[in-house]
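Novice: Okay, handing you the structure first.
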Amino acid sequence: MPLTPPAEPDPEPKMNWASFYAVISGVNRHSTGIGRIWLSVLFIFRILVLVVAAESVWGDEKSGFTCNTQQPGCNSVCYDHFFPISHIRLWALQLILVSTPALLVAMHVAHRRHVDKRLYKLSGRTNPKDLEQIKTQKMKITGALWWTYVISLFFRIVFEVTFMYVFYMIYPGYKMIRLVKCDSYPCPNTVDCFVSRPTEKTVFTVFMLAASGVCILLNIAEVVFLVVKACSKHLHNAGDSTLGAWIQKKLCSY
C-alpha cells in the first residue's frame, strides 16, 4: 500500500480578513452614510485587492531578488538594505491600525447600551423584548458619542497620512526600481541586484496608495459633515443660546 507523504504545513499563516471585516462592519452600522462608503472602499479596494492579487504579486519578492554574485549572504543583506519591510506586511499593519479607532466607537456604544439596560431595570421595565431592542437599536451620533466618533476619525486620518509618509521614505516616489547597486558586506564589491516584476509592483503600490488617499478624503468629508450638522443643529436650537452651552451639553451627555 503506497504511503501518502504528510501535507506540508503552511509556513506563513495568513490573517483571517473575513473575521476582521465582520468586526468592523458591526461597528459601522452606527456610522453615517459616508462611513459606510469608507467601509466599502476599505474592503473592496484595499483588503480584497490585498488578499486576492497583491499577496500573489509579492509572493516571490525574496526569491526573485537576484544579484550577480555567488557570495553567500550577499543577496539577503542587499535585499534587507533596500526593502527593510515587505509591502504586504506594511499594508496589513496599516489596515489594522486604520481600523482600530473604530473599536473606540464600539466600546462607547457598549457602554451606552449597558447604561440603557440599567435605566430600564431601575424603572421597573424588565420586558425581554425591550432589553433585546436595546441590543439591536442603532445609536445616534450625539453627545459624548459624537466626540468619540470624531476623535476616531482623526486617528484614522493620522494613521493613513503617517503610513503614506513611511511608504514615501522607504520607497521614494512610490516606485519599485528595477536595478539596485549594493556594496554591503559580505558582497565582494559593488554588485547589481535585480527586482522581479517591478512594473507590476509599482502599479499595485500606486493603486493601494490611491485607495488610501480616497479613504483620507472620505474621513475628512465625514468630519466636516458631522461638524456642520452639529453646528446647524445648534443654530436651530433655541434652548442653546451660546456656543459654550452647546459644548457643555456635548461633554456632559453620555
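The values are calculated or read from the model by the stated rules, or taken from the named source; none is laboratory data. Values in this document were obtained by computation on a predicted structure and should not be read as measured data. Positions of Cβ are backbone-derived with ideal geometry, glycine not excepted, and every protein chain shown enters the neighbour counts. Just so you know, the surface numbers come from the protein's heavy atoms only, side chains and all, with ligands and any DNA or RNA stripped out. Shrake-Rupley method; radii C 1.70, N 1.55, O 1.52, S 1.80 Å.
Novice: Determine, from the Cβ-Cβ distance of residue 168 and residue 224 and an R0 of 35 Å, the FRET efficiency 1/(1 + (r/R0)^6), rounded to the nearest 0.05. Each step should come with its number before you reach the end.
Specialist: On the way: r = 26 Å, r/R0 = 0.74.
Here the calculated transfer efficiency is 0.85.
Novice: Right, something else. Gain in length, residue 111 to residue 231, computed as 0.36 nm per residue apart minus the alpha-carbon separation, to one decimal in nm?
Specialist: Numbers: separation 120, 0.36 × 120 = 43.20 nm, distance 2.58 nm.
Result: 40.6 nm gained on full extension.
Novice: Listed highest first by mean packing, meaning other Cβ atoms within 10 Å per residue, what order do 198-209, 61-72 come in?
Specialist: Working: 198-209: 16.0, 61-72: 13.5.
Ranking, from highest mean packing down: 198-209, 61-72.
Novice: Got a sec? What order do 85, 141, 151 fall in by accessible area at 1.4 Å, biggest, i.e. largest, first?
Specialist: 151, 85, 141
Novice: Across the stretch 36-51, in residue order, what do the Karplus-derived ³J(HN,Hα) couplings come to in whole Hz, using 6.51 cos²θ - 1.76 cosθ + 1.60 with θ = phi - 60° and x for Gly and Pro?
Specialist: Ordered by residue, 3J(HN,Hα) equals 5, 5, 4, 5, 5, 5, 4, 7, 6, 8, 10, 5, 5, 5, 4, 6 Hz.
Novice: Take each of the peptides 187-195, 154-162, average the number of other beta-carbon atoms within 10 Å over its residues, and list them starting from the highest.
Specialist: Values: 187-195: 14.4, 154-162: 17.2.
Ranking, from highest mean packing down: 154-162, 187-195.
Novice: Give me the number: length gained by fully extending residue 177 to residue 197, i.e. 0.36 nm times residue separation minus the C-alpha to C-alpha distance, one decimal in nm. Can you show the working numbers first?
Specialist: Numbers: separation 20, 0.36 × 20 = 7.20 nm, distance 0.97 nm.
In short, 6.2 nm is gained.
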